[in-house]
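Working notes, beginning with the structure itself.
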Amino acid sequence: MNRVTAWSLHTSTLLVGGTGIVYAWMRYFTVPADEFAIVGHPWQPHVQHLHLWTAPLLVFGIGLIWRDHVWRHYQRRVRDRRPSGLSLLLGCAPMIVSGYLIQTAVGASWRQIWIAVHLVASGLFLLGYGAHVVKPLRAAFRRQHAGR
């Protein structure tokens, strides 16, 4: 995977994950200032729109790395960072599919089911992504400071 692809994926994950976390906080943990308000925070609709607009970038980025990174590592039986990679893989499809199904669900009960699936899968994906990215950074930091 080249640097442009890697940084595209990092940036899109940061944008989508960041807006998703902020949106979830606004939706579930803020109290509306007005008793008749339908949103918990005045910026909530804007953050939701940013999340929806940046999500296709992440889907595109995942598609970009599929063949050159994921499938190639699977074929070569690379063991390094496999648990975090599997976490990403297991969280990826349900996260993407449930994100679309939230927007198209007609019944309230189905919408709540897809929201729950999306929150769990997205959390799994973000934790896996963090672990997948942090491990080589820690190793590089150790190598750099080992000579001192």
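So here's what we get for this one:
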read-out: Top-ranked residue in the range 1-29 [being surrounded by 13 or more Cβ atoms within 10 Å (Cβ to Cβ) and of a type in the set (Ser, Thr, Tyr); ranked as farthest from VAL59 (Cα to Cα)]; value: TYR23
read-out: Single condition GLN144 does not satisfy, out of (1) buried (at least 17 other Cβ atoms within 10 Å of the Cβ); (2) not assigned by TED's automatic domain parsing to the domain that holds VAL16; value: (1)
read-out: Verdict on ARG27 being of a type in the set (Lys, Arg) and under 22 Å from ILE115 (Cβ atoms); value: yes
read-out: Meets criteria (part of a helix (DSSP H, G or I) and within 11 Å of SER84 (Cβ to Cβ)) for HIS132; value: yes
read-out: The listed residue being surrounded by 16 or more Cβ atoms within 10 Å (Cβ to Cβ) and either within 24 Å of VAL120 (Cα to Cα) or not assigned by TED's automatic domain parsing to the domain that holds VAL133 (or both), out of PRO83, PRO42, PRO56, PRO94; value: PRO94
read-out: Test: ASP68 is surrounded by fewer than 17 Cβ atoms within 10 Å (Cβ to Cβ) and touching a residue at least 60 places away in the same chain (Cβ under 8 Å); value: yes
read-out: Subset of the range 1-51 that is touching a helix residue (DSSP H, G or I) at 6+ places or on another chain (Cβ under 6 Å) and among the hydroxyl-bearing types (Ser, Thr, Tyr) - its residue that is nearest to ILE65 (Cα to Cα); value: THR5
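Okay, residues lined up against (1) among the small types (Gly, Ala, Ser); (2) more than 23 Å from THR11 (Cβ to Cβ):
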position	(1), (2)
PRO42	no, yes
LEU50	no, no
TRP53	no, no
LEU57	no, no
GLY61	yes, no
VAL70	no, no
ARG82	no, yes
GLY107	yes, yes
VAL120	no, yes
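The values are calculated or read from the model by the stated rules, or taken from the named source; none is laboratory data. Just so you know, these numbers come straight off a predicted model, no measurement behind them. FYI the Cβ positions are ideal-geometry reconstructions off the backbone, even for glycines, and counts take in every protein chain you see.
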